[in-house]
Amino acid sequence: MKQAILAAEDERFYQHGGVDYLSVARAALANLASGTQQGAGTITMQVARNFFLTREKTVTRKLREVLLAWKIEANLSKDEILELYVNQIFLGQRAYGFAAASQIYYGKPLRDVTVAEAAMLAGLPKAPSTFNPVTNPRRAKTRQLYVLRRMHELRFISDEAFKEAQSAPLVVRQGVRDTLPTHGESVAEMARQVVFDAYGDEAYTRGIIVWTTVRKADQEAAYAAVRRGVLEYDRRHGYRGPEAYVNLPAEPAEQDQVLDKLFAETPDSDNLAVAVVQDASTSEVKAIVASGDALVLKGDALKFVARNLTDKTPAAQRIRRGAVIRLSKDDKGSWMISQLPQAEAAFLAISPLDGAILALTGGFEYERNKFNHVTQAMRQPGSSFKPFIYSAAL
């Protein structure tokens, strides 16, 4: 497992001092030659980012990341740094750390994983959602094969082990596909705040269990209602254009690099999938999604964006090659072009008998905007409060 991580993330981890100048130079040359962006972050820099920094893409943040990496290298041994990384990194499916991921994906302790399984796990840190074997098996397999090639090139595994691992099927633990979490992020954060106010930093080490009055069925209904209502409202106000544009190289290998980077940085928003347009006309749009599937959209799938497919549309709003768009499924299960809404909403259900909160959704998507519109949005209710007053009086 350790060798797979080093092969995938930082082969010179035990040689550099926190910043791998050789990798930086190699990435810079590749960026100049191909026009695509390649990262050169070390495991130490990832530890610095995961523990102390945000993921914003600014020069200031990158400089802080480098300075913190040097500081970490000066105070901890290489094995201690790797231990922090191995135990804390997020690997999808609610798994933090490789030991947890091994149990969740394979139902076995880390010491029992095969070479193929170790390579799959080692491929997750780059983009846990894009390379998740549960939701994106095709891209997970592609990433696993890359890690295996790197392990073989570095002579971590023999020719026989390499061939055997390459041909091993991508299998995950029975039942892991059915353990999709209920969207109660706002509720969980409220619970965390209550416990932290009571116990301080000990809240994270005492193994405290919190029981809430929120019910799974009600919470799922509330989440679905907010998503559906906001999307319908947003759709009535028209299409605003693609989220962004990327330069898609003609070379397939270079194109895959660009797509991997984009899907890693721009995850799906539940039922709103990220897609990149490969070709577009007024009658047909070809796009690729994170799973690697190529979709052809035509007819009703393009009605919402018809005006953005013509040459009369400004370039910054036109759907063309390289456009980053969102796709959703209609009632019949067919893909259609959609968009992330700008509007927000919240949902709160309270029992009139005892005041128990049965469902609470603080916004359209917690990861995009952690502001809780139920507890933090101090706004005048206006005339919408009259029914409560009048019904009470009546």
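The residues ARG236, ARG368, when put in order of fewest to most other Cβ atoms within 10 Å, stand as ARG236, ARG368. Taking packing as the residue-averaged number of other Cβ atoms within 10 angstrom, the listed peptides 264-276, 313-325, 114-126 run from highest to lowest as 114-126, 264-276, 313-325. Put simply, the C-alpha atoms of the chain give a gyration tensor, and the ellipsoid matching it has half-axes of 38, 31, 21 Å, longest first. For the stretch 343-394, what number results from the quotient of the Cα radius of gyration and 2.2 N^0.38 Å? Dividing the Cα radius of gyration by 2.2 N^0.38 Å gives 1.36. Taking every C-alpha pair closer than 8 Å and separated by at least 6 residues, the mean separation divided by the residue count of the chain gives a relative contact order of 13 percent.
Straight-line cross-link reach from LYS312 at under 19 Å between alpha-carbon atoms covers these lysines, not counting any fewer than eight positions away in the same chain: LYS303. Cα centroids of the stretch 343-388 and the stretch 174-249: 14 Å apart. Over all directions, the projected convex hull of the C-alpha atoms in the stretch 235-364 averages 10.1 nm² in area. Neighbour counts of C-beta atoms inside 10 Å place TYR390, TYR199 in the sequence TYR390, TYR199, starting with the fewest. Here the residues GLU243, GLU365, GLU344, ranked from fewest to most Cβ neighbours within 10 Å of their Cβ, fall in the order GLU243, GLU344, GLU365.
Ignoring aspartates and glutamates fewer than eight residues from LYS261 along the same chain, the ones with Cα atoms less than 18 angstrom from its Cα are GLU9, ASP10, GLU56, GLU243, GLU251, ASP293.
Each peptide in 373-379, 356-362, 77-83 was scored by the mean count of other Cβ atoms within 10 Å over its residues; highest first, the order is 356-362, 77-83, 373-379.
Each helix, a run of at least 4 DSSP H residues, gives -39500 (n - 2.57); summed and divided by the residues of the chain, these come to -13000 deg cm²/dmol at 222 nm.
The lysine pair tally for the stretch 2-178, using Cα distances under 18 Å and a gap of 8 or more places or different chains, is 8.
Between LEU394 and ALA225, the C-beta separation translates, for a Förster distance of 30 Å, into a calculated FRET efficiency of about 0.65.
FYI, it's all coordinate maths here, none of it is from the lab. Note that the structure is predicted; figures quoted are calculated from it, not measured. When we count neighbours, we look across all protein chains shown, and the Cβ atoms used for this are built from the backbone with ideal geometry, even at glycine.
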